[in-house]
Structure formats: structure tokens, C-alpha cells
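A short write-up of the structure that comes next.
Every number in this text was worked out from the coordinates using simple rules, so none of it is lab data. Bear in mind that the values here come from a model prediction, so they are computed numbers and not experimental data. Every residue, glycine among them, receives a Cβ derived from its backbone with ideal geometry; neighbour counts consider all protein chains shown.
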Amino acid sequence: MKWHFHLGYRSRMRGELAAELESHIEEKVVDLMEAGMPERDARQKALRDFGNAAFYADVGRDVWGWNWLEILWKDVRYALRGMRQNPGFTAVAVVMLGLGIGANTTIFSFIDAFFLRPLPVEDPLRLVSVYGNPNVYTGFCYPEYAYFRDHSTVFIGLAAHYSTAPLNVVADGDSREATGAVVSANYFSVLGVNPLLGRFFSVEEDTVPDHDYVAVVSYGMWQRRFGGGPAILGKTVKINGTPFSIIGVTPEDFHGVLMGSPNDMWIPTMTLHVGWRGCDAFQFDCRRMDLIGRLAPGRRVAEAQAEMSTLAAQIAAANPLTNRGRGALALPAVGPRPGDRKYYSDQSRILAVVAVMLLLIACANVAGLLVARSSARSREMAVRLSIGAGRLRLIRQLLTESLLLAGFGGVLGLWLSILAKGKLLGFYATNSEGYKGYYDLSLDMRVLAFSIGLSLLTGLLFGLLPAIQSTSGDLTSAVKEGAMSRRRGLLRGWLVAGQIALSLALMVGAGLLMRSANHVSHGLNFNASHVAILRLRPGLVRYTPARAQAFHEEVVRRLEALPGVQSVSFARGLGLAWLGCCQFRLALPRQPESRLEDAFRVDGHSVAPRYFETLQIPLVAGREFTQRDRIGAPFVTIVNETLARRLWPQASAIGRTLFLDDRQYQVVGVAKDARLRNAVEGPFPFLYIPYWQDEPQTDSRMCIRVAGDPAEMLPRIRHEIATVDANIPISEDMAMTRQVEGVYMPVRLSSSVATCAAGLALLLSAIGLYGVLSFSVNRRSREIGIRMALGALPASVLKLVLTQGMALALLGAVLGLFLSLTLTRLLASWLYGVPPYDMATYLACAFLLTAVAGLACYLPARRATQIDPLAALRHE
Amino acid sequence: MERADSSERRDLFPGVLEMMVLQLLRRGPLHGYGIAQMIRRASEDLLQIEEGSLYPALQRMLKSGWVVAEWGLSPRNRRIRVYKVTSLGRKQLEREVSSFERMLAGIARVMRPAES
């Protein structure tokens, strides 16, 4: 290393110079003695004539520069020596900083994985994603894509892709799901991905619709499902009933282009009818595809945006009926889709706030320790200052110590973050539909740079204030023992109060999130435990609605006969079992057409008989749907309490008439509000209609209440369904609690993280409070000794110390309450069944904090009462 | 405190000490003590230069490449560092001398009217 070389070089230089000066003086002494001078006089004269040898050696050395490096090296060695002498202090400080830095590094790793990490493909920074605009949730249909592809000049290549998960893949008689993507033939070449095995799609294979059934599988699927052998190439598998030939395997690190949603399988756009059948993406009104393009050399994202907008306007002009006002949004191909950004950024933000608070507490704590330590060293500092050491030089040296501590903390933090990443990743491992998530969290340069930068910043943050303070002030009084600690005491007091405030805010946040997570896992007016769910899609294998209805009836009949099954129901596909499927335009009868404001849109769900029984949603009044509520019978509906109150505030809703999409319905039941709504959204009007009266359906989501563990029942349930028709794709089968956990993952995640952080924060601030009081008791031992010698009782000494400590704790608690009121507003969208200003949580946290603070104060206070007055007075 | 004292007693003009050292070295290699002795003797004790101040000057000249140094043995068998002037140093000396002479001439002109 270069600087190391310089250090060695410099020390050799210094040695030579010193030898030279010494030799000069010796020679002169000898000369003078030869001239007859006695040795003592000769030496004196030689030294006098020479001048200040040390100074000249210094100046001579300075000529060569690099002095700061040497000073730094000296400071580092000095600091290391200091750390070795105080192993307890060093260990505590490094662990605290490690926790703080580790928490932040962990969160940053996720932010990096979500938003910053480029795709693992060739030159990923030249890739641009194109989404629909202004509605980013919709993409483009195939004709739109073809127009963009054929008319754009800004891209070398423009590919289309959309995730059509799940695909039901039958291979060797084994039927399982795969997450698939429909992609254009140039997808892999635009990304610059090369096949690990075989080949990717040719242009000819993506030219004629429904003609070339070829598929590419991922490395993971090849290994898991096909044993990883070369026989995979040319193998025929059935995807949603259609035979496909596998032609290639992707490299191990390629998971598709959608962050967080890895693909197992890719099929050409011309076979898209095999995938999702909600609509036909060859038509203008079915926009499923996102685009990804590689910029031509020298072109920029802004140019891509301009060109895509122009082309979108041309399409709109040619197809005003379907495309009026539709544009395109071109963004660098990194991070989540625009529609998903908020989901990820909200989570990242709350976790980052928690992590930063933890770091601040750790910093305040270590700063407090440093102030205490510098009090112990105040004489050393004062002496060094008074014999002429530069103040900046001392500050620099103290900062070197802080930075070194922070550096060790950073190393520990990096290690901790590697452990923590694994834990947190567990939350992201599967989503609410049971699909595996994939996030690349391996350590990269950005994360490394972040943790190094953060360590430096931390070192300055906690080191600067104590360093400035311990080198300032009145020297004479500092040289005398014991003075100069008032201001330090004040600083430490504020540091402790600040820690307590931050801890309380963290505790309140954690408390609210814990209660919220509790509500989520127990459900609000529905009971997810002991319920198995799964998705049935006869539509994928071309069932007609009539055939699907017979199938469903047979499935329900058989499942209800299965031992251990208590009740069976199902609801319309798409959306979660307890969420809605659709929106209705609601109006009340006998209203003039002009009063349009009385008509409003309301979310609803289409559910089969025994749905309320199965999910245990309480009915406040009326009945649930039965087998008789079918086409031909009068149309009936069940409203929730919020809707009932809104429509008929004074009277009962049962028997009332309302219009849904201009069809007349009669209210036969009122259900409790059963949807989990967070504190931001609040309760919501909602209604249910019978599945059998809904427009003809083929697909459904089943919910089955069982006596035992739903996960254990699922194989038998699957088997029973397979005996009705083995070809029906069954997907998303899991315990309902797992689905709930998946949907409310952000709540559980932030609740767990905040709870850990709050626990640590409480511990740290208790240590801080304990430290400041112990220190104060030590410092005041003489005063306390005198008091006791003069007759103060132990009780009054106890009170003296306790008052001092609890005053700090209360100051911190009051600050913390204000801080909580501000910060918990950020949490509102994660709070289910608990308002952000929940008094019980606030009080419980404040109480817990005060109790812990009391304990932290009591220990030093009791020690104060045990001070021996004689010993204290004899001191000095 | 020491610093302030010592720097007051440095050579008269910046660069003059270096110039004298270069001039002495042009006649042959010398070690530090030798240079100091020569200056003392040649200036007949007129120049009150602390001998130590020679060494920072020598370090500066070493760094600038005007002189090179190597360790050798003195006639008294003592390890000494002997300095030699380089061609760069010779050129520097010429420049210094001419600029020094110009400076002397300038000072002389300024001083003359004051004498009359």
C-alpha cells in the first residue's frame, strides 16, 4: 500500500536526520575539546551554537510533507491504546453502534434491492421500461406494442412481456403450477441474456398466433422439476391443457424483469391465449403488456419518453374510440413497477425511520459515555492544552477515537445486517397468493459504501459534541480536580432525555403496530383460523359456465362429506376470499333520475351459500344466502352495517329494496363490517350478492372450514377435488391465515421490526440513564458524604438521586409523547382496528418506560445511600 | 514559543542560505558540519546563523533535487552524510546569484539617496 510505504520511508528519513544532527554536535564537541575546552563547556557551546535541535529536526521533517498521515497514524495508535485500556467502554460503545449501523445497513440493503439494483443482464443501465400512462396499472395490447416496436428509433430493440402467473404445468403426469411470463421473441436478445442450455425464441415462432407452442424454463424450474438433465430440451409439457415443447433454459441468476416476482417459465406472445384469459391481448381493449427496450447508443431516457409519447398520440389519433388520452411512461428499468412503488417505498420508509431512530439513540448513548469518559480525562486534556497542544489537534485526536469506534461498530453492523437480512427476507418469501418472492440481497458496492459512509457520519455525530466540549472551557479550574463538570452534566442530561423521548416514540409505534398485527391475525369480524382456501379454475381447461356449476356443486357435496370438514363455501374469482370481486352502481328506488348524487358505487362480493358461516362473519339481522337464491328466484343481497347505516340510518334494512346496476335487489341480511380496513381508510360500505345469481362464472375461490390444521387437510381436499375432475387447475391452496399474513405482511413486518427496535431502545436508554446517574453519584460522592455526615438520612439521599433521574426520565417522556403524536401519523395506513392516537397504547408505553427508568435510577440511588461519609470526605 | 524565537534568527533573506550552501558545494562535496564550519570561517563570524538551521535548508534542497547526499565515513571514522551539488543545483545557483545581485543592486540604489 502506498501510504504504508510512505510511513516506512518517512520514519527512515527521520532516523537519518536525527543521526546527522547528533553527529554534527558530536563533531563540534570533539573539535572544541581539541582546541582545549573542557568537555562540559564544549558540549554546552556546541548545543548553543546549534540552536534547538528538536525544532530543526521537526522543520526538516516537515519539508517532506505527509505529516497529517503520520499524525493520523499516531492518533489511531493512541486511540487503539485507549480502547484497549477501557475494554468495557469499548465493547458497550461498539455493540450499541453496531446495532444502530446494522439496523440501517439492513434497511438500506432492502432499499437497494427494491429500488437501486439493476437487472442481472448485460448493460442494464441502457434498459428502459415503458408503461401505460396515466394509468400505470394497465400496459399495452399487442397491436400497440407492435406499433411502438416498428416505429421507434430510440431503441435498438423493444420487447413486450407480461406475467401470466399462474400456469398449470403438467409434466410426466404431475400437475403443478408455475409462474410464467408471456414475452416477445426479442425479449431475451434485448436483455442480452444467453441460454444456459438450448436456445430462445426465434422471430418465426412469434409471428403466427396460436401456432408455435414452445417454452423456455428457468434454471430453478429445470433443477426442481426436471432434475437438471439435458433431456429437458425437446420435452413436451402441457401448459393449461396445451402441449408445449421446451427449447431452452435461462441462466441461474435470471428471474425475469419484474422485481420481486420471479418467472419460472416463458412462452411467446403468439401463444398468449394459453395464459390469462380475462381478455384477449390481441384486441385493443385488453392491455396486459409492459414493454422493455434497450436504448440505441447515445440516446437517453428522456428521448425515449418523448418518442413513446409521440407514438402513443399517433395510436390514439388512429383509434380514438379506445385510445383517447392514453400515453406512455418511459422509466429506467430498475426497481418496482410504478404501480407497486408505493407499496415498497411505504415499507422502506417506516423501517428506515425506525432504524434511524435506533441509530440516534445509540449515538446519544455513546456520546453520553464519551462525555463521561472525557470528564474522567478532563485533567489530561487541560494539561495538554495548557502546555500548548493545539485545540484542533486535540479535537482531531478525539474524533479519531470516535471514528475508530464507529468503524468497529460498522464492521459489527455489517455482520449483524447479514443475519438480519435473512430474518427479514422471510417476510418476503411468499406473497398472499403463495408465490415465491425473489429479492437479490447479496452485498454490493452500494450497500458497502452506505455502511462505510454511515459509520463515518455516526462517528462525527456522536464524537463531535463531546470532543468540542472536552477541549473547551476554563483551564485553571479544570486542572484543579472536580470542576468543569456542570455543563457536561447538562449535556449528558439532554442526551439521556433525548434517548428516552426517541425510545418512547418507538415504543408507542411498536405498541400500535403490535395491536394492529394482532387484529389482523385474529381478523375483524371474520375468523381465518381453521380455514383452508384454494382457487379453482375450470375456465382454464375450457369449462362452460353450466359445466362449471355442476362441477362446483359436486365438489361442495363431496367436501362436505369429508370427515373433519365443517362447512364449505366459495366466492367469485379474482380478489381475496374476504375481499370484493366487483363494484356496483347503487341506487335507491323512487328517486328522481336527477338526484344522481344518491347513486354511488359500492364494492361488493359474489358469494355462495354458507359463506358467512364458513368465515364466521356475524350476521346482525336477516339470513344468509341459500341454495334457493338462484337465477329465477328474486334477486337478494346482504349489506354490511356501514352501508345499512348510510342508506337507512333510522330503520332496519331487512326487506328494503335497492338497485344494483339497474337491477332490483331485496336486502335479506345485514352483516358486520368484515373487511380489514386500516386507520386511514376507515369502515367502508360493502355488500354481497349470491354467486348463483351473479353473471355466469366458471372460476372460484373455495373456503373450507375444518376442525384441525388446514394445511394438513389440504392434500385430502385436493384429492377429493381431483376425483371429480383431475384436470382442473387447483392453485393458491393454503391456510387462510397464511393468506392474511401475506396480505398484511407490511404490518407484521413493521410490527416485528418496531418491537425489536423498541425493546433495544428501551434497554439502551435505561443504560444511558443508569450511566448518567452513576456518574453523577460518583461525582457528588463528597457532597453526599457531607450531607450524610451532617445527618441526612439514607431515604433523603435516595430521594435526592431519584429526583434527579426521574426528572430526566419525565422530561424525556413528555418530549417522547409529542414526538409520538407526530410520528404515529406516518403509521396510519398500517393500523388496523386501532387509531394512531390510541390512548391505552400511549399510557401503557409511558408507564412501562417510567417503570424501567425508575429501576435504572434506583440502582445508583441505592449506591449513593451506601456511601461511607468518612471515606468520601477523606478522598483528596 | 520556541518556534517564534528560532525563526527570527533564520537567514537574512529567504534563499540566501541555500545559495551559500550551493556555492560551497560547487567546490566539492561536504557534510553538514563541514558546511557550517566553512560558512562560519568564510563569513568571519559576521553571519550569526544557528548551525541547526542548515539542516532544514539541506532537506529542502534534497527534496528539490539541487543536492544529493550519501553516507560515508569522516577522517575521524564517524558516519557522516556527504552532500554533492547536482546539475540542477548548479543552474539554480546561477539563477539565485543573478537574482541576488539584482536585489543587491536594487537595495543599493534605494539606499544611496538616503546617504546623500
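May I ask for the angle, rounded to the nearest 10°, between helix A:2-34 and the longest principal axis of chain A, with both axes built from Cα atoms and the value confined to 0 to 90°?
It is inclined by approximately 0 degrees.
Fully extended, how many nm does the chain gain between A:R862 and A:H273 (0.36 nm per residue separation, minus their Cα-Cα distance)? Show your work: numbers first, answer last.
Values: separation 589, 0.36 × 589 = 212.04 nm, distance 7.87 nm.
Extending this stretch completely gives an extra 204.2 nm.
Arranged by the count of other C-beta atoms within 10 angstrom, fewest first, what order do A:C703, A:C582, A:C141 take?
Lowest to highest Cβ neighbour count: A:C582, A:C141, A:C703.
With charges set only on the Cβ (+1 for Lys and Arg, -1 for Asp and Glu), what does the dipole of the protein assembly as shown come to about its Cα centre, in debye to the nearest 20? Working shown, then result.
Details: 109 positive and 87 negative charges, 573 e Å.
Taking the Cα centre of the protein assembly as shown as origin, the dipole is about 2760 debye.
Enter the mean number of other protein chain beta carbons within 10 Å of the beta carbon of each residue in B:53-64, as an integer. Show your work: numbers first, answer last.
Details: counts 7, 6, 12, 10, 4, 4, 11, 5, 1, 4, 3, 1.
If you average over the peptide's residues, the count of other-chain Cβ atoms is 6.
If R0 is 35 Å, what FRET efficiency do you get for A:L69 and B:R102 from their C-beta distance, rounded to 0.05? Walk me through the numbers on the way to the answer.
Working: r = 40 Å, r/R0 = 1.15.
So the FRET efficiency works out to roughly 0.30.
Can you show me the helix-derived [θ] at 222 nm for the protein assembly as shown, built from DSSP H runs with n ≥ 4 at -39,500 (n - 2.57) apiece and divided by the number of residues, rounded to the nearest 500. Don't skip to the end; give the middle numbers.
On the way: 31 runs with 523 residues, N = 992.
Using -39500 (n - 2.57) per qualifying helix, the result is -17500 deg cm²/dmol.
Each residue of region A:309-324 in order: what ³J(HN,Hα) in whole Hz does its phi give by Karplus 6.51 cos²θ - 1.76 cosθ + 1.60, θ = phi - 60°, with x for Gly and Pro?
My calculation for region A:309-324 gives 4, 4, 5, 4, 5, 5, 4, 4, 5, 7, 10, x, 5, 9, 10, 4 Hz in order.
Quick one: angle between helix A:391-428 and the longest Cα principal axis of chain A, in degrees between 0 and 90, rounded to 10, please.
Roughly 20 degrees between the two axes.
Could you tell me the largest-minus-smallest coordinate of the C-alpha atoms of region A:41-186 on each of the three principal axes, in descending order and whole angstroms?
That works out to 106, 46, 37 Å along the principal axes.
Enter the mean number of other protein chain beta carbons within 10 Å of the beta carbon of each residue in A:58-64, as an integer.
Working: counts 3, 11, 10, 2, 3, 10, 4.
For this peptide, the per-residue mean of nearby foreign Cβ atoms is 6.
Quickly rank A:363-373, A:862-872 as a protection proxy: mean count of other C-beta atoms within 10 Å, highest first. Present the calculation step by step, with values, prior to reporting the outcome.
Details: A:363-373: 25.6, A:862-872: 15.5.
Result, highest mean Cβ count within 10 Å first: A:363-373, A:862-872.
Pull out a ≥ b ≥ c, the square roots of the eigenvalues of the alpha-carbon gyration tensor of region A:797-876, then state rounded if a/c is under 1.5, prolate if not and a/b is larger than b/c, and oblate in the remaining case. Provide the component values of the computation, followed by the final result.
On the way: a/c = 4.99, a/b = 3.64, b/c = 1.37.
The shape class here is prolate.
Straight-line reach from B:K84: which lysines have a Cα under 27 Å away, not including same-chain ones fewer than 8 places off?
A:K28, B:K63
Beyond 18 Å, how much of the Cα-Cα pair distribution for region A:785-831 remains, as a whole percent? Numbers along the way, then the final one.
On the way: 601 of 1081 pairs.
When every Cα pair of region A:785-831 is considered, 56 percent fall beyond 18 Å.
Which shape class applies to chain B: rounded if a/c is under 1.5, otherwise prolate when a/b exceeds b/c and oblate if not, where a ≥ b ≥ c are the square roots of the Cα gyration tensor eigenvalues? List each step's numbers first, then the result.
Numbers: a/c = 2.06, a/b = 1.57, b/c = 1.31.
Taking the square roots of the gyration eigenvalues as a ≥ b ≥ c, chain B is prolate.
Give me the inter-chain shielding for A:21-29: mean count of other chain Cβ atoms within 10 Å, whole number please. Working shown, then result.
Working: counts 6, 0, 8, 12, 3, 3, 10, 4, 0.
Whole-number average of other-chain Cβ neighbours for A:21-29 is 5.
Could you work out how far apart the two model spin labels at A:Q583 and B:N77 are, taking each label as a point 7 Å from the Cα in the direction of the beta carbon, and quote it in nm?
Result for the modelled spin labels: 10.7 nm.
With a 10 Å Cβ neighbour count serving as the proxy for reagent exposure, in which order, fewest first, do A:H24, A:H719 appear? Before the final figure, lay out the partial values.
Values: A:H24 25, A:H719 11.
Result, fewest neighbours first: A:H719, A:H24.
Residue farthest toward the positive end of the dipole of region A:246-388, with Cβ of Lys/Arg at +1 and Asp/Glu at -1: which of A:F284, A:H273, A:A333?
Projecting each Cα onto the dipole axis, the largest value belongs to A:A333.
Figure the gain on full extension for A:F818 and A:L490 (residue separation times 0.36 nm, minus the Cα-Cα span) and round it to one decimal in nm.
Working: separation 328, 0.36 × 328 = 118.08 nm, distance 2.18 nm.
Taking A:F818 through A:L490 to full extension adds about 115.9 nm, to one decimal.
Where q = 0.14 Å⁻¹, what log10 of I(q)/I(0) comes from the Debye formula for region B:69-109, counting one point per Cα?
Rounded to two decimals, the profile gives -0.54.
Fewest first, what order do A:D346, A:D290 take by the number of other Cβ atoms within 10 Å?
Values: A:D346 15, A:D290 24.
Ordered from fewest to most neighbouring Cβ atoms within 10 Å, A:D346, A:D290 come out as A:D346, A:D290.
Just to be sure I understand the curve: with the Debye formula and one point per C-alpha of region A:371-452, what is log10 I(q)/I(0) at q = 0.10, 0.27 Å⁻¹?
Normalising to I(0) and taking log10 leaves -0.49, -1.25.
May I ask which residue of A:N135, A:I107, A:A93 lies farthest towards the positive end of the charge dipole of region A:6-140, with charges of +1 (Lys, Arg) and -1 (Asp, Glu) on Cβ and the Cα centre as origin?
The residue sitting farthest along the positive end of the dipole is A:N135.
Percent of Cα-Cα pairs per 10 Å bin, from 0 to the last occupied bin, for region A:314-370, please list those.
Values per bin, smallest distances first: 18, 21, 21, 16, 11, 7, 5, 1.
Can you compute the label reach from A:Q223? Point 7 Å from Cα along the Cβ direction, backbone N cut-off under 20 Å, restricted to region A:102-118.
none
I need the shape label for region B:16-62. Rule: rounded when a/c is under 1.5, else prolate if a/b > b/c, else oblate, with a, b, c from the alpha carbon gyration tensor. Show your work: numbers first, answer last.
Values: a/c = 1.62, a/b = 1.19, b/c = 1.36.
In terms of gyration-tensor shape, oblate.
Dipole of region A:169-215 (Lys/Arg Cβ +1, Asp/Glu Cβ -1, origin at the Cα centre): which of A:A178, A:N194, A:H211 lies farthest to the positive side?
So the residue we want is A:N194.
Set the Förster radius R0 to 35 Å, insert the Cβ-Cβ distance between A:V208 and A:N135 as r into 1/(1 + (r/R0)^6), and round the FRET efficiency to 0.05.
Details: r = 31 Å, r/R0 = 0.89.
Approximately 0.65, to the nearest 0.05.
What percentage of all Cα-Cα pairs in the protein assembly as shown are separated by more than 57 Å? Can you show the working numbers first?
Values: 197135 of 491536 pairs.
So the portion of pairs separated by more than 57 Å is 40 percent.
In nm, to one decimal, how far is the modelled label at A:L116 from the one at A:L793, with both set 7 Å along Cα→Cβ?
About 6.2 nm separates the two model spin labels.
For A:K436, give me every one of the aspartates and glutamates with a C-alpha distance below 12 angstrom, ignoring sequence neighbours fewer than eight places off in its own chain.
Partners found: A:E177, A:D264, A:E732.
Calculate, for A:A231 and A:E712, the FRET efficiency according to 1/(1 + (r/R0)^6) with r their C-beta to C-beta distance and R0 41 Å; round to the nearest 0.05. Walk me through the numbers on the way to the answer.
Values: r = 35 Å, r/R0 = 0.86.
For R0 = 41 Å, the calculated efficiency reads 0.70.
Cα axis of helix B:54-64 to longest principal axis of chain B: angle in degrees, 0 to 90, nearest 10?
Helix B:54-64 sits at roughly 80 degrees to that axis.
Report, in cubic angstrom per residue, the convex hull volume of the C-alpha atoms of region A:9-113.
On the way: hull volume 15.9 nm³, N = 105.
So the per-residue Cα hull volume is 152 Å³.
Given the Cα-Cα distance of A:S521 and A:L456 and 0.36 nm per residue of separation, how much length would full extension add, in nm? Please report the intermediate quantities before stating the final value.
Values: separation 65, 0.36 × 65 = 23.40 nm, distance 4.14 nm.
Answer, rounded to one decimal: 19.3 nm.
Using a 7 Å offset from the Cα along the Cα-to-Cβ direction at both A:E560 and A:I468, what is the distance between the two label points in nm, to one decimal?
Each label point is offset 7 Å from its Cα along the Cβ direction, giving 7.7 nm.
Cα-based Rg (one decimal) and Dmax (whole number) for region A:115-264, in Å?
Using the Cα atoms of region A:115-264, the pair Rg, Dmax is 15.7, 47 Å.
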